[in-house]
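Participant: To start, I am sharing the structure in question, which I have written as structure tokens.
The values are calculated or read from the model by the stated rules, or taken from the named source; none is laboratory data. Quick caveat, the model's predicted, so the values are computed rather than measured. Cβ placement follows ideal geometry from the backbone for every residue including glycine, while neighbour counts extend to all protein chains displayed. The protein model used for the area step is the full one, side chains on, heavy atoms only, and it has no ligands, DNA or RNA in it. Shrake-Rupley method; radii C 1.70, N 1.55, O 1.52, S 1.80 Å.
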Amino acid sequence: MIGSRSLRKELIAVCHLMHQRGLIAAADGNVSVRFDGERILTTPSGFNKGLLSEDDLCVTDLQGRLLHGLHKPSSELRLHLAVYTARTDVRAVVHAHPPTCVALSIAGIGLLSPLLPEVVLSLGEIPTAPYATPTTADLPETIRTLIPTHDAILLERHGSLTVGKDLTEAYNRLECMEHAATVIFLARQLGNPSLLPATEVAKLRRIAAGRG
């Protein structure tokens, strides 16, 4: 089988978690992981990720050509390929539709402001990519200037994009991003959220850099 059994199991586990935790619905979202440097294991187009099995997965090359699998690769594969082209350090990409993230972007509220220390430590800055029609070539263009220096991006009206050295890291960044969005939403209902002091942000960034 192309793509190790353990890698397939991990990708399916991530898809099921995304569905169980309400980070996607129905056929939303897509996940991929790069293996052996030249090939991508990815979710198929049009499948409910909560019901996905290992045999449903697709293998493509870095140009998006199907190499193995019974189904058409994700319609958003170009978004993933743009990440892999820009970031040789990235091995996994997760695109989801986390509800609070999407709601904030529709309301014109971003996640860039430093409000939560955990976000500064684990995600750094979370910029917002401008809206582009899903599944088209316009979508990957919106992230090209952002992805070289960011591990989490809010896609206006469309969801989130998180990346990592492996599937677990990319998925954990998604959870962290949606949790931050929920806290920010609640804080805005209670009053005017205060930013972390610049000195504290600088300290947290030094800690994050030391971890790397």
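Participant: Return only the number of the condition from (1) at pLDDT 95 or above; (2) over 17 Å from the mean Cα position of the chain (by Cα); (3) in a helix (DSSP H, G or I) that VAL59 does not satisfy.
Facilitator: (3)
Participant: Name the residue that is surrounded by the most Cβ atoms within 10 Å (Cβ to Cβ), counting only residues in region 71-86 that are among the hydroxyl-bearing types (Ser, Thr, Tyr) and more than 16 Å from CYS58 (Cα to Cα).
Facilitator: Within region 71-86, the first condition is being among the hydroxyl-bearing types (Ser, Thr, Tyr), and the residues that meet it are 74-75, 84-85.
Right, trim to more than 16 Å from CYS58 (Cα to Cα) and you get 84-85.
On the way: TYR84: 18, THR85: 14.
Among those that are among the hydroxyl-bearing types (Ser, Thr, Tyr) and more than 16 Å from CYS58 (Cα to Cα), it is TYR84.
Participant: Right, something else. If you check ALA170, ALA209, which single one turns out to be open to solvent by less than 80 Å² (accessible area, probe 1.4 Å), at pLDDT 95 or above and either small (Gly, Ala, Ser) or not in a helix (DSSP H, G or I) (or both)? If you could, list the steps in order and put the result at the bottom.
Facilitator: Values: ALA209 fails: at pLDDT 95 or above.
ALA170 is the lone residue from the list that is open to solvent by less than 80 Å² (accessible area, probe 1.4 Å), at pLDDT 95 or above and either small (Gly, Ala, Ser) or not in a helix (DSSP H, G or I) (or both).
Participant: Tell me, which residue of region 92-103 that is out of contact with any Lys or Arg (no Cβ under 9 Å at 6 or more places or on another chain) and in a helix (DSSP H, G or I) is least open to solvent (accessible area, probe 1.4 Å)?
Facilitator: Filtering first and then ranking leaves CYS101.
Participant: Hey, another quick one. Here is a list of conditions, (1) in a loop (DSSP other than H, G, I, E, B); (2) touching a residue at least 24 places away in the same chain (Cβ under 8 Å); (3) open to solvent by 10 Å² or more (accessible area, probe 1.4 Å), and LYS49 meets all of them except one; can you say which number that is?
Facilitator: Of (1) in a loop (DSSP other than H, G, I, E, B); (2) touching a residue at least 24 places away in the same chain (Cβ under 8 Å); (3) open to solvent by 10 Å² or more (accessible area, probe 1.4 Å), only one is false for LYS49: (3).
Participant: In addition: Could you give every pair whose Cβ atoms fall below 6 Å, whose first residue belongs to region 111-134 and is open to solvent by 40 Å² or more (accessible area, probe 1.4 Å), and whose second residue is in a loop (DSSP other than H, G, I, E, B) and of a type in the set (D, E, K, R), counting only separations of at least 6 or pairs across chains?
Facilitator: LEU112/GLU125; THR128/GLU156; PRO130/GLU156; TYR131/GLU156; TYR131/ARG157
Participant: Could I ask something else about it? So which residues in region 113-164 are of a type in the set (Lys, Arg) and touching a Phe, Trp or Tyr at 6+ places or on another chain (Cβ under 8 Å), if there are any at all? Even if it seems obvious, please write down each step before you answer.
Facilitator: Within region 113-164, the first condition is being of a type in the set (Lys, Arg), and the residues that meet it are 144, 157.
Once the filter is applied, which keeps residues that are of a type in the set (Lys, Arg) and touching a Phe, Trp or Tyr at 6+ places or on another chain (Cβ under 8 Å), region 113-164 yields only ARG157.
Participant: Now a separate question. Exactly one of (1) open to solvent by 50 Å² or more (accessible area, probe 1.4 Å); (2) touching a Phe, Trp or Tyr at 6+ places or on another chain (Cβ under 6 Å); (3) over 19 Å from ALA27 (Cβ atoms) is unmet by ASP89. Its number?
Facilitator: (2)
Participant: Considering only residues that are of a type outside the set (A, V, I, L, M, F, W, C) and part of a loop (DSSP other than H, G, I, E, B), which ones fall in region 104-122?
Facilitator: Step one: filter region 104-122 for residues of a type outside the set (A, V, I, L, M, F, W, C), giving 105, 108, 110, 113-114, 117-118, 122.
Hits for region 104-122 are GLY108, GLY110, SER113, PRO114.
Participant: Count, please, the residues in region 4-46 that happen to be part of a loop (DSSP other than H, G, I, E, B), under 19 Å from LEU67 (Cα atoms) and open to solvent by 10 Å² or more (accessible area, probe 1.4 Å).
Facilitator: 6
Participant: Right, something else. Tally the residues that are under 16 Å from ALA187 (Cα atoms) and under 16 Å from the mean Cα position of the chain (by Cα), restricting the search to region 113-127.
Facilitator: 1
Participant: Let me ask you something else. Could you grab the pairs with beta carbons closer than 8 Å, sequence gap of 6+ or different chains, first residue in region 83-107 and at positive phi and among the small types (Gly, Ala, Ser), second one outside any helix (DSSP H, G or I) and open to solvent by 10 Å² or more (accessible area, probe 1.4 Å)?
Facilitator: That search, which allows pairs on different chains as well, returns nothing.
Participant: Do the conditions hold for GLN63, that is, is it in contact with a Gly (Cβ under 8 Å, 6 or more places away or on another chain), of a type in the set (S, T, N, Q) and more than 16 Å from SER160 (Cα to Cα)?
Facilitator: Against the criterion (in contact with a Gly (Cβ under 8 Å, 6 or more places away or on another chain), of a type in the set (S, T, N, Q) and more than 16 Å from SER160 (Cα to Cα)), GLN63 does not qualify.
Participant: Given the options GLU125, GLU141, name the one that is among the charged types (D, E, K, R), farther than 25 Å from ALA13 by Cα and not in a loop (DSSP other than H, G, I, E, B).
Facilitator: Details: GLU125 fails: not in a loop (DSSP other than H, G, I, E, B).
None of the others qualify; the one that does is GLU141.
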